[in-house]
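Colleague: Got a structure here, written out as structure tokens. Questions coming.
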Amino acid sequence: MAEVLVYVDHVDGAVRKPTLELLTLARRIGEPVAVALGNGAADTAATLAEHGAVKVLTDDASEYADYLVVPKVDALQAAYEAVSPAAVLVPSSAEAKEIAARLALRIGAGVITDAVDIEAGDSGPVATQSVFAASYTTRTRVSKGTPVITVKPNSAAVEAAPAAGAVEALSVTFSAQATGTKVTGRTPRESTGRPELTEAAIVVSGGRGVNGAENFSVIEALADSLGAAVGASRAAVDAGWYPHTNQVGQTGKSVSPQLYIASGISGAIQHRAGMQTSKTIVAVNKDAEAPIFDLVDYGVVGDLFEVVPQLTEEIRTRKG
Amino acid sequence: MSLRIVVTVKYVPDATGDRHFAEDLTVDRDDVDGLLSELDEYAVEQALQIAAEADDAEITVLTVGPEDAKDALRKALSMGADKAVHVEDDDLHGTDAIGTSLVLAKAIEKAGYDLVVSGMASTDGTMGVLPALVAERLGVPQVTLLSEVSVADGVVKGRRDGDSASEQLEASLPAVVSVTDQSGEARYPSFKGIMAAKKKPVESWDLSDLRIEADEVGLAGSWTAVDSAAERPARTAGTIVKDEGEGGKQLAGFLAEHKFV
Ligand SMILES: Cc1cc2nc3c(=O)[nH]c(=O)nc-3n(C[C@H](O)[C@H](O)[C@H](O)COP(=O)(O)OP(=O)(O)OC[C@H]3O[C@@H](n4cnc5c(N)ncnc54)[C@H](O)[C@@H]3O)c2cc1C
Ligand SMILES: Cc1cc2nc3c(=O)[nH]c(=O)nc-3n(C[C@H](O)[C@H](O)[C@H](O)COP(=O)(O)OP(=O)(O)OC[C@H]3O[C@@H](n4cnc5c(N)ncnc54)[C@H](O)[C@@H]3O)c2cc1C
């Protein structure tokens with residue numbers, strides 16, 4: 001069976017959920033061979049094997065952390081040459097998209113970004129994309145070379161499928177460009193203890209209607225009652241009430257949870273671009289005319305400072 | 001020493017209008033207003049600020065697109081860029097990302113550059129890959145997705161806020177930079193700027209000027225193929241209730257019914 005390269009997104013050996021989704025999708029078109037780079041690369045093997053990786057190619061050279069993007073492109077190219085895969089799948093993070101595109105150009109192949117599904121087709125994998133702020137669904141193929149496809153988080157349900165996951169060292173020769181952009185400092189993001197925004201099953205977001213940084217505690221309390229991640233509109237982020245890393249939308253994160261709860265958010269097109277593919281959408285807004293209500297499965301017209309705390313209280317009671 | 005900055009700007013259909021695909025599955029540009037991709041305004045802004053810090057700098061704005069794409073160039077010129085290049089050719093219709101990067105890279109080389117500044121992503125394709133592709137083609141460092149950028153003594157520095165960390169980056173010129181909408185509000189063109197823009201030079205180049213063959217670009221030269229595009233069915237109207245004191249409880253009931261609680 002054809003092999004499919006899967007680029008592993010991990011932090012010091014801890015594999016992020018979107019990579020496990022990729023392994024599930026990869027099994028539809030071939031046998032997944034994972035490529036894990038950087039500090040802790042080999043520690044990813046057990047998790048990857050559990051989810052179907054027949055092989056795990058690893059390299060933990062310091063170049064991956066010390067220079068931007070290109071060393072990882074060099075490594076993925078080395079893996080591509082070693083394996084001759086039928087496709088290369090990469091998570092749709094900002095960095096991984098850049099890696100995917102540069103790899104595609106080098107290997108003379110087309111690149112598709114932000115797929116939300118992949119199926120085997122007569123002439124290679126067919127990707128589904130959700131475009132124009134999720135108002136259109138397109139089906140796209142790569143017509144030249146080995147398809148390089150990036151896939152959005154929450155595009156497939158993770159399935160366990162134990163495989164060998166044999167670890168092999170990947171031999172990488174870095175290109176002249178590899179050391180072009182130095183990483184001179186790095187500040188890790190502090191963990192909030194809440195689920196990762198793009199991976200969460202439930203996202204609770206607040207917007208301008210929250211009216212102040214301190215008031216975000218109302219949104220956080222609801223999130224915590226549901227075990228959810230917290231999101232924010234750009235208006236709330238620009239006002240300095242919540243960090244940019246939590247922004248949902250075109251220039252923030254794109255989320256696709258089972259449940260999205262928007263409070264005090266009007267539903268501008270750029271916000272919708274980041275949440276419109278959520279399975280169930282709920283909104284609380286005091287303006288009955290707010291465009292967000294066009295999207296909702298359930299909406300409450302009311303003051304969020306009345307509705308949200310009551311909701312949180314009721315959830316706590318029901319959960320006992 | 002003069003600093004030559006090329007800003008790449010895209011002309012896109014207005015996101016607040018009704019965007020559609022044409023019969024050949026490319027973007028329908030006839031039925032919707034176009035404009036300078038809002039995220040490229042941030043690129044123009046940062047280029048203007050970098051130029052202001054340099055002894056002597058010249059900003060060229062570059063677009064690849066149809067006739068109307070001149071509007072995007074005019075906007076950038078009215079913000080303060082010095083001159084413009086418009087790459088326009090019927091054979092470009094339907095070019096994919098890899099093809100677009102070829103055209104941009106050749107045009108940037110022809111224009112001459114020390115620094116390329118791009119937006120983080122277009123507001124239509126939203127791939128966010130062109131700056132990396134252009135850097136790969138030019139063989140120069142990519143310093144991308146910056147929320148803060150500065151240039152001094154032939155070195156570009158910036159801050160990139162990623163998922164797991166915030167990174168400080170540094171590269172020698174020539175380099176390709178892309179900036180996010182966190183990099184600083186873009187200025188509005190002044191009346192004076194708008195008047196001055198009318199007199200600024202706009203060059204038009206076609207594929208032969210860039211020594212690109214027609215079959216390397218366009219729909220035919222594209223390495224990706226769109227098989228179908230379907231409008232997403234409208235969501236079925238949801239339940240909307242007015243809060244009369246029980247709104248939170250009613251919502252909890254809905255969530256419980258759908259097994260979220
Ligand atoms: C290029 C570009 C990129 C962008 N990217 C993003 C992005 O990634 N994400 C994003 O979100 N936006 C983005 N925007 C901004 C977007 O256009 C909107 O400005 C933004 O989403 C508005 O945020 P909001 O809904 O919180 O604020 P508003 O539009 O001001 O809405 C606030 C809402 O709160 C309601 N409200 C007020 N008080 C209460 C109360 N007490 N109880 C209940 N409801 C209340 C109001 O009725 C109103 O509907 C982008 C814009 C541009 C141009
Ligand atoms: C809905 C949609 C989906 C698409 N999906 C794919 C796909 O999966 N694969 C593929 O190969 N192509 C795809 N395309 C085509 C692709 O968008 C175009 O080739 C486009 O010119 C480059 O990609 P982008 O607009 O996403 O640019 P991005 O990579 O998002 O743009 C980043 C920056 O590059 C610069 N830039 C981009 N285009 C131009 C330009 N024409 N002129 C000047 N500067 C520019 C700007 O500075 C911009 O801010 C898609 C197009 C659409 C409309």
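The values are calculated or read from the model by the stated rules, or taken from the named source; none is laboratory data. This structure is a prediction, so every number in the text was calculated from the model and none was measured. Here the Cβ positions follow ideal geometry from the backbone for every residue, glycine too, while neighbour counts run over all protein chains shown.
Colleague: State yes or no: is A:SER191 at pLDDT 95 or above and either more than 8 Å from chain B (Cβ to nearest Cβ) or under 17 Å from B:GLY248 (Cα atoms) (or both)? Walk me through it before giving the result.
Modeller: Numbers: at pLDDT 95 or above: no; either more than 8 Å from chain B (Cβ to nearest Cβ) or under 17 Å from B:GLY248 (Cα atoms) (or both): yes.
Considered against the rule, which asks whether it is at pLDDT 95 or above and either more than 8 Å from chain B (Cβ to nearest Cβ) or under 17 Å from B:GLY248 (Cα atoms) (or both), A:SER191 comes out as no.
Colleague: For segment A:226-242, state whether one or more residues are within 11 Å of chain B (Cβ to nearest Cβ), within 11 Å of ligand 1 (Cβ to nearest atom), in contact (Cβ under 8 Å) with a residue 40 or more places away in the chain and in contact with a strand residue (DSSP E or B) (Cβ under 8 Å, 6 or more places away or on another chain). Full working, then the answer.
Modeller: First, pick out the residues of segment A:226-242 that are within 11 Å of chain B (Cβ to nearest Cβ): A:226-228, A:234, A:237-238.
Now narrow it down to the ones that are within 11 Å of ligand 1 (Cβ to nearest atom): A:234, A:237-238.
Next cut, in contact (Cβ under 8 Å) with a residue 40 or more places away in the chain only: none.
No: segment A:226-242 contains no residue that is within 11 Å of chain B (Cβ to nearest Cβ), within 11 Å of ligand 1 (Cβ to nearest atom), in contact (Cβ under 8 Å) with a residue 40 or more places away in the chain and in contact with a strand residue (DSSP E or B) (Cβ under 8 Å, 6 or more places away or on another chain).
Colleague: Among the residues in segment A:226-243, are any at pLDDT 95 or above, among the hydrophobic types (A, V, I, L, M, F, W, C) and surrounded by fewer than 16 Cβ atoms within 10 Å (Cβ to Cβ)?
Modeller: Among the residues of segment A:226-243, not one is at pLDDT 95 or above, among the hydrophobic types (A, V, I, L, M, F, W, C) and surrounded by fewer than 16 Cβ atoms within 10 Å (Cβ to Cβ), which makes the answer no.
Results for (1) touching a Cys at 6+ places or on another chain (Cβ under 7 Å); (2) within 16 Å of ligand 2 (Cβ to nearest atom); (3) under 18 Å from A:VAL6 (Cα atoms), shown as yes or no for each residue.
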position	(1), (2), (3)
A:LEU105	no, yes, yes
A:THR113	no, yes, yes
A:VAL126	no, yes, yes
A:ASN154	no, no, yes
A:ALA161	no, no, yes
A:ALA178	no, no, no
A:PRO188	no, no, no
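Colleague: From the list B:LYS70, B:LYS75, pick out the single residue that is of a type in the set (D, E, K, R) and within 16 Å of ligand 1 (Cβ to nearest atom).
Modeller: Details: B:LYS70 fails: within 16 Å of ligand 1 (Cβ to nearest atom).
Of the residues listed, the single one that is of a type in the set (D, E, K, R) and within 16 Å of ligand 1 (Cβ to nearest atom) is B:LYS75.
Colleague: When you check A:ILE281 against the structure, is it more than 7 Å from ligand 1 (Cβ to nearest atom) and assigned to a strand (DSSP E or B), yes or no?
Modeller: Taking the combined requirement at face value, the residue satisfies it.
Colleague: Within segment B:122-146, track down each residue that is within 8 Å of chain A (Cβ to nearest Cβ) and in a strand (DSSP E or B).
Modeller: Selection gives B:GLN142, B:VAL143, B:THR144, B:LEU145.
Colleague: I need the full set of residues from segment A:95-121 which are within 20 Å of the chain's Cα centre (by Cα) and either within 16 Å of ligand 1 (Cβ to nearest atom) or more than 7 Å from chain B (Cβ to nearest Cβ) (or both), in order please.
Modeller: A:ALA96, A:ILE99, A:ALA100, A:LEU103, A:ASP114, A:ALA115, A:VAL116, A:ASP117, A:ILE118, A:GLU119
Colleague: Now for a separate question. Could you tell me which residue of segment A:201-219 is surrounded by the fewest Cβ atoms within 10 Å (Cβ to Cβ), considering only residues that are among the aliphatic types (A, V, I, L, M) and closer than 17 Å to A:PRO309 by Cβ? Walk me through how you get there before you give the answer.
Modeller: First, pick out the residues of segment A:201-219 that are among the aliphatic types (A, V, I, L, M): A:201-204, A:210, A:213, A:218-219.
Okay, now just the ones that are also closer than 17 Å to A:PRO309 by Cβ, so A:204, A:210, A:218-219.
Values: A:VAL204: 29, A:VAL210: 27, A:VAL218: 20, A:ILE219: 27.
Filtering segment A:201-219 for residues that are among the aliphatic types (A, V, I, L, M) and closer than 17 Å to A:PRO309 by Cβ, the one surrounded by the fewest Cβ atoms within 10 Å (Cβ to Cβ) comes out as A:VAL218.
Colleague: Any chance you could count how many residues in segment A:136-161 are more than 23 Å from B:LEU102 (Cβ to Cβ), in contact (Cβ under 8 Å) with a residue 24 or more places away in the chain and either at the interface with another protein chain (Cβ under 7 Å from one of its Cβ atoms) or surrounded by fewer than 22 Cβ atoms within 10 Å (Cβ to Cβ) (or both)?
Modeller: Matching residues across segment A:136-161 total 6.
Colleague: Continuing with the same structure: Which one of these is farther than 28 Å from A:ARG102 by Cβ, modelled with pLDDT of 95 or more and among the acidic types (Asp, Glu): B:ASP96, B:ASP91, B:ASP82?
Modeller: From the options B:ASP96, B:ASP91, B:ASP82, the qualifying one is B:ASP82.
Colleague: List the residue pairs whose Cβ atoms are under 9 Å apart, where the first residue sits in segment A:300-320 and is over 14 Å from A:GLY206 (Cα atoms) and in contact (Cβ under 8 Å) with a residue 24 or more places away in the chain, the second is of a type in the set (A, V, I, L, M) and outside any helix (DSSP H, G or I), and the two are 6 or more positions apart or on different chains.
Modeller: A:LEU311/A:ILE261; A:LEU311/A:VAL284; A:LEU311/A:VAL300; A:ILE315/B:VAL261; A:LYS319/B:VAL261
Colleague: Filter the strands (runs of 3 or more DSSP E) completely within segment B:1-46 down to those with at least 3 residues that are in contact (Cβ under 8 Å) with a residue 40 or more places away in the chain, within 13 Å of chain A (Cβ to nearest Cβ) and in contact with a strand residue (DSSP E or B) (Cβ under 9 Å, 6 or more places away or on another chain). Write out each step before concluding.
Modeller: Values: elements: B:3-8, B:11-13, B:34-36.
Strands (runs of 3 or more DSSP E) meeting the threshold: none at all.
Colleague: Ok, one more. Which residue, of B:ARG159, B:ARG211, is away from ligand 2 (no atom under 15 Å from the Cβ), closer than 25 Å to B:ALA97 by Cα and among the basic types (Lys, Arg)? Before you say what the answer is, go through the steps one by one.
Modeller: Details: B:ARG159 fails: closer than 25 Å to B:ALA97 by Cα.
One residue alone meets the criteria, B:ARG211.
Colleague: So, one more: Scan segment B:133-170 for residues that are buried (at least 19 other Cβ atoms within 10 Å of the Cβ) and closer than 24 Å to B:ASP56 by Cβ and jot them down.
Modeller: Hits for segment B:133-170 are B:LEU138, B:VAL140, B:PRO141, B:VAL143, B:LEU146, B:VAL149, B:VAL151, B:VAL156, B:GLY158.
Colleague: Quick one: would you say A:GLY124 is assigned to a loop (DSSP other than H, G, I, E, B), at the interface with chain B (Cβ under 7 Å from one of its Cβ atoms) and on the phi > 0 side of the Ramachandran plot? Break it down stepwise before answering.
Modeller: Values: assigned to a loop (DSSP other than H, G, I, E, B): yes; at the interface with chain B (Cβ under 7 Å from one of its Cβ atoms): no; on the phi > 0 side of the Ramachandran plot: yes.
No; evaluated as a whole, the condition is false for this residue.
Colleague: Based on this model, can you work out whether B:SER208 counts as of a type in the set (Ser, Thr, Tyr) and within 13 Å of chain A (Cβ to nearest Cβ)? If you could, list the steps in order and put the result at the bottom.
Modeller: Values: of a type in the set (Ser, Thr, Tyr): yes; within 13 Å of chain A (Cβ to nearest Cβ): no.
For B:SER208, the condition - of a type in the set (Ser, Thr, Tyr) and within 13 Å of chain A (Cβ to nearest Cβ) - is not met.
Colleague: In segment A:255-271, which residue that is within 10 Å of another protein chain (Cβ to nearest Cβ) and near ligand 1 (Cβ under 9 Å from one of its atoms) is farthest from B:GLY125 (Cα to Cα)? Quick ask: steps written out before the conclusion?
Modeller: Within segment A:255-271, the first condition is being within 10 Å of another protein chain (Cβ to nearest Cβ), and the residues that meet it are A:258-259, A:261, A:268-270.
Now restrict to residues that are near ligand 1 (Cβ under 9 Å from one of its atoms): A:268-270.
Working: A:ALA268: 18, A:ILE269: 15, A:GLN270: 14 Å.
Filtering first and then ranking leaves A:ALA268.
Colleague: Can you pull out every residue in segment B:114-129 that is under 17 Å from B:THR60 (Cβ atoms) and surrounded by 24 or more Cβ atoms within 10 Å (Cβ to Cβ)?
Modeller: If the condition is that a residue be under 17 Å from B:THR60 (Cβ atoms) and surrounded by 24 or more Cβ atoms within 10 Å (Cβ to Cβ), then B:LEU115, B:VAL116, B:VAL117, B:SER118, B:GLY119 are the ones that fit.
Colleague: What number goes with the only condition from (1) in contact with a Ser or Thr (Cβ under 6 Å, 6 or more places away or on another chain); (2) among the aromatic types (Phe, Trp, Tyr); (3) closer than 17 Å to A:GLY165 by Cα that A:TYR7 does not pass?
Modeller: Every condition holds for A:TYR7 apart from (1).
Colleague: Taking the condition of being more than 16 Å from ligand 2 (Cβ to nearest atom), outside any loop (DSSP other than H, G, I, E, B) and surrounded by fewer than 24 Cβ atoms within 10 Å (Cβ to Cβ), how many residues in segment A:254-278 meet it?
Modeller: Keep residues of segment A:254-278 that are more than 16 Å from ligand 2 (Cβ to nearest atom), which gives A:255-268, A:271, A:275, A:278.
If we keep only those that are outside any loop (DSSP other than H, G, I, E, B) as well, we get A:259-263, A:271.
From what's left, surrounded by fewer than 24 Cβ atoms within 10 Å (Cβ to Cβ): A:259.
Total meeting the criteria: 1.
Colleague: Got a number for residues in segment A:172-219 being within 30 Å of A:VAL296 (Cβ to Cβ) and over 21 Å from the mean Cα position of the chain (by Cα)? Even if it seems obvious, please write down each step before you answer.
Modeller: Narrowing segment A:172-219 to residues within 30 Å of A:VAL296 (Cβ to Cβ): A:192-219.
Of the ones still in play, those that are also over 21 Å from the mean Cα position of the chain (by Cα) are A:207-219.
Total satisfying the criteria: 13.
Colleague: Tell me, which residue of segment B:132-145 that is without any contact (Cβ under 8 Å) to a residue 60 or more places away in the chain and within 25 Å of A:GLY252 (Cβ to Cβ) is nearest to ligand 1 (Cβ to nearest atom)?
Modeller: B:LEU145
Colleague: Next question. When you scan segment A:209-238, how many residues do you find that are small (Gly, Ala, Ser) and assigned to a helix (DSSP H, G or I)?
Modeller: Of the residues in segment A:209-238, 7 are small (Gly, Ala, Ser) and assigned to a helix (DSSP H, G or I).
Colleague: Still on this structure, please answer the following. Could you run through segment A:146-175 and say how many residues are touching a Leu at 6+ places or on another chain (Cβ under 9 Å), within 18 Å of A:LEU37 (Cα to Cα) and not β-branched (Val, Ile, Thr)?
Modeller: Here the count works out to 4.
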